[in-house]
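First comes the structure, then the notes that go with it.
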Amino acid sequence: MSMPFYVAPEQLMKDKRDYAQRNIARGRPLVASAYSDGILIAAENTYRHLHKISEIYDRIAFAGVGMYNEFEQLRRSGVQHADVKGYQFSREDVDARALANLYSQYMGNIFTHDMKPLEAEILVAEVGSAFGEDELYHVTFDGFLYDESRFVVLGGEAETITERVESAYQEGWDLGAALKAAINALSGDDRTVPPEDLEVAVLDRTATGRAFRRIDAGELTSLLQQRE
């Protein structure tokens, strides 16, 4: 009888981490930032009907990078969980922190116990009632959960894009300024991401009821022209 092939646990974890990081880095990046009236989420996305940014609940948004079918399954699970919890208890009991914790546990279990990790990272964002109360939760492929207060970057070239956003960030900036900084960070010095290759949405704290709203091409162009 042949002996089973042995791989040291630390080597197996390293290989899975390298595999996931390499494939996620191939995906187009995403930037989320708090601004004066809510949270802006902007992603480079050439597809018209395959969204990387979506609504989870009244004041909660979801965004993902990496393999689309994997983070889309996570999104659908989050919507179902939020709907059931809101129905069983109250709509106010549905919050981003609890949802992000569930995602963290699920993604961590897959990374630890399954042969192939998820090739996706996600953002769960909740807009607060006032500036400074917004919540941005970044969940990585291995289940690590990060609580961000100002902005977060997911996807390829995350470190470089983070440095660009950091250098441009202004406390309490308006939507136009946040949008322009996000696009400049996604573009870099050697290229420009055209508006048609962008997917942009906001969680608007001034809205009544549902806060999630997509920014269409016309509004996007108008906001960019205002900042020129």
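Rule-based calculations on the coordinates, nothing more; no lab input. If you're wondering where the values come from, they're calculated on a predicted model, not measured in any experiment. Note: ideal-geometry Cβ built from the backbone for every residue, glycine included; neighbour counts use all protein chains shown.
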Of GLY66, GLY172, GLY156, the one that fluctuates the most in a GNM where the chain has Cα springs shorter than 10 Å: GLY172
Cα convex hull of the range 85-228, projected area averaged across orientations, nm²: 10.7
Other-chain or far-sequence residues with amide H under 5 Å of PHE212's (modelled H): ASP204
Qualifying lysines (Cα of each under 21 Å from Cα of LYS52; at least 8 residues distant if same chain): LYS180
For the chain, the longest site-free run once chymotrypsin sites (Phe, Trp or Tyr not before Pro) in DSSP loop states with at most 11 other Cβ atoms within 10 Å are removed: 90-228
Helix-only [θ]222 nm of the chain, DSSP H runs n ≥ 4, -39500 (n - 2.57) each, per residue, nearest 500: -13000 deg cm²/dmol
Residue-span extension gain [SER187 to GLU133] - 0.36 nm each, minus C-alpha spacing: 16.6 nm
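Summing Lys, Arg as +1 and Asp, Glu as -1, what charge do residues with Cβ under 11 Å from the Cβ of GLY172 carry, GLY172 excluded?
-2
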The chain: angle of helix 9-25 to the longest principal axis, Cα-based, in degrees nearest 10: 30
Nearest-20 debye value, the range 50-180 charge dipole, Cβ charges on Lys, Arg, Asp, Glu: 340
Angle in degrees between helix 175-187 and the longest Cα principal axis of the chain, rounded to the nearest 10: 40
Cα-based helix-to-principal-axis angle, 217-226 vs the chain, degrees rounded to 10: 60
Cα-based reach from LYS16 at 22 Å (exclusive), listing lysines while leaving out same-chain residues under 8 positions away: LYS116
Normalised contact order of the chain, rounded percent, pairs of Cα under 8 Å and 6 or more residues apart: 28
Hypothetical label at SER77: residues of the range 8-28 whose amide nitrogen lies under 19 Å (7 Å Cα-Cβ projection): 17, 20-21, 24
